[in-house]
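Novice: The structure that follows is given in the form of structure tokens.
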Amino acid sequence: MTAALADRAAEQGRIAIDTEFVSERRYQALLCLAQIAVPDPGAPDGVRTDVVDPLADDAPDPGPLARVLADPHVEVVVHAGRQDIAILRRAWSTEVSSVFDTQLAAGFLGFGNQEGYESLVRKVLGVRLKGSEGFTKWDHRPLTAQQLEYAADDARLLLALGEEIERRLRKRGRFEWAREECVALEASSDERDPDRIYERLPRLGRLNEQGRAVARELVEWREQVARSMDRPAGYVLPDQALIELARRPPRDRQGLEQIRGLPAQTLHRRGDRLLEAIGRGRTRPAPPAPPQPPGRDSADAPLVSLAQALVRQRSMEEAVAVELIATQAELAALVSALRRGENGDHIRVSRGWRRELVGQELIELVAGRRALSVGPDGRLLVTAR
């Protein structure tokens, strides 16, 4: 069945995919189901669906579907699909290309950029979903008929939702904007990189050189243990306890007992291994000190407020979700860069569709070549100077 679906998707150039997974109390999310829908002119409603169960004893080979997901000529329709894509890339050892995310794309039609699936289906397709099975235990077998019906229905409607949103985007000349924004989703990953995890530790800047070396070693040790147990890393060693161990690394179990927040099971079952990891950390080269965040000039604040007003104005006029255009932090970074004489091209609001919509105007605003005022109708007025 999966091979036939894959062939149909390749022929029609489109596939919708949704997943059910369980991430609670696991090192990485477990893929429990993949719901597939492809256009099929010969089917009664024009759609063929299937539910792929990777946990079944006779689980089908996902290879044909994986190849379709990686085919740049096949559009892959998802909804809020960042995690779906990350899980599929890992579980099926595939790339996912030509992504069209209905939640993200709907933000270019005046919907909120966090619009839920049920809400979007109701507003765009005029269909009310039946009772949800979304929070059932998808890793328990056998699955019920209600679960399977819910899963297949989700995929079928997702295909129709993607088609209608794409039609509306093309009509408004916004389809390429949405596609540009969806490209970043194709690289979604839930693989855990110890270097990135280390860099995100809290209060890292307060550690001395030896403390940073111990912290980096403990991150690696924690990842190995958590993976072997299939448990979240924080279950083995919470971040706060890891930093405290690095700040004042103990040499014996008595010292470990003084560390606040250290889980009892880690202390009693893995205390010796933990001490060995701390010992290795003392002798490894220390990572460089984390960079200091760029300072903010208090004089930037009024300009940032003006930039926010301009972004909101264009958001309302063009019916593009303001959250898609720029965050306050991005606007602050742009203002700061421009005032330092930089071009600000490294900030996303000054690139691609965002530059076309408002980015160029923001640059001109900071340069004094645009002005904001209140027009005769009481609305914000943007004028060239």
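Novice: How do T19, T383, T102 line up, fewest other C-beta atoms within 10 Å first?
Specialist: Values: T19 24, T383 9, T102 28.
Lowest count first: T383, T19, T102.
Novice: Find the percent of Cα-Cα distances in the stretch 194-283 that exceed 19 Å, and round it to a whole number.
Specialist: Numbers: 1127 of 4005 pairs.
Cα-Cα pairs in the stretch 194-283 separated by more than 19 Å: 28 percent.
Novice: Here is a follow-up. What value does the stretch 54-119 have for Rg/Rh, both radii from Cα atoms and Rh as Kirkwood defines it?
Specialist: That ratio is 1.06, to two decimals.
Novice: Assuming R0 = 30 Å, can you tell me the calculated FRET efficiency for the pair S373 and H346, based on Cβ-Cβ distance, to the nearest 0.05?
Specialist: Numbers: r = 31 Å, r/R0 = 1.02.
It comes out at approximately 0.45.
Novice: On to the next question. Which one of L159, L104, L362 has the biggest mean-square fluctuation once the chain is modelled by GNM with Cα springs under 10 Å?
Specialist: Highest fluctuation among the options: L362.
Novice: So what is the relative contact order for the stretch 194-283, in percent, with contacts set as C-alpha pairs under 8 Å and at least six apart?
Specialist: For the stretch 194-283, the relative contact order is 37 percent.
Novice: Could I ask something else about it? Amide H to amide H under 5 Å from V77: which residues, 5+ apart in sequence or cross-chain, H placed 1.01 Å off N in plane?
Specialist: Placed amide hydrogens put I15, A16, I17, F100 under 5 Å from V77.
Novice: Right, here's the next one. Taking square-rooted eigenvalues a ≥ b ≥ c of the alpha carbon gyration tensor, is the stretch 57-162 rounded, prolate or oblate, where a/c under 1.5 means rounded and, failing that, a/b exceeding b/c means prolate?
Specialist: oblate
Novice: Take every Cα pair under 8 Å in the chain that's 6+ residues apart, average their separations, divide by the length, and report that relative contact order as a whole percent.
Specialist: Values: 571 pairs, mean separation 54.6, N = 385.
Relative CO of the chain lands at 14 percent.
Novice: For A4 and L380 in the same chain, what is the full-extension length gain: residue separation times 0.36 nm, less their Cα-Cα distance, in nm?
Specialist: On the way: separation 376, 0.36 × 376 = 135.36 nm, distance 5.56 nm.
Extra length from A4 to L380 when fully extended: 129.8 nm.
Novice: Taking R0 as 51 Å, what's the FRET efficiency between E318 and R269 from their Cβ-Cβ distance, rounded to 0.05?
Specialist: On the way: r = 58 Å, r/R0 = 1.13.
Approximately 0.35, to the nearest 0.05.
Novice: Something else about it: What is the mean projected area of the alpha carbon convex hull for the stretch 2-187, to one decimal in square nanometres?
Specialist: That works out to 10.5 nm², a quarter of the Cα hull's surface.
Novice: By per-residue mean of other Cβ atoms within 10 Å, what is the highest-first order of 218-226, 2-10?
Specialist: 218-226, 2-10
Novice: Counting each pair of different Cα atoms once, what's the Kirkwood radius of the stretch 138-292 in Å, rounded to one decimal?
Specialist: Radius from the Kirkwood sum: 19.3 Å.
Novice: Suppose only helical runs count, i.e. DSSP H with n ≥ 4. What mean residue ellipticity at 222 nm does that imply for the chain under -39500 (n - 2.57) per run, divided by all residues and rounded to the nearest 500 deg cm²/dmol? Intermediate values should be presented prior to the final figure.
Specialist: On the way: 17 runs with 180 residues, N = 385.
The helix contribution divided over the chain gives -14000 deg cm²/dmol.
Novice: Something else about it: Identify all lysines with a Cα-Cα distance to K171 below 27 Å; exclude those on the same chain that are fewer than 8 residues away in sequence.
Specialist: K123
Novice: Right, here's the next one. Return the inverse of the average 1/r over all pairs of distinct C-alpha atoms in the chain, which is the Kirkwood hydrodynamic radius, in Å to one decimal.
Specialist: Kirkwood radius, the chain: 24.4 Å.
Novice: Additional query: For each of I325, I15, count neighbouring Cβ atoms within 10 Å of the residue's Cβ, then give the residues from fewest to most.
Specialist: Taking fewest neighbouring Cβ atoms as first place, the list is I325, I15.
Novice: Give the Debye-formula value of log10 I(q)/I(0) at each listed q (0.11 Å⁻¹), with one equal scatterer per alpha carbon of the stretch 300-384, two decimals each.
Specialist: So the normalised log intensities work out to -0.26.
All of the numbers you see were taken from the coordinates with simple rules; none came from a lab. Since the model is a prediction, treat every value here as computed from it, not as a measurement. We place every Cβ from the backbone using ideal geometry, glycine too, and count neighbours over all the protein chains shown.
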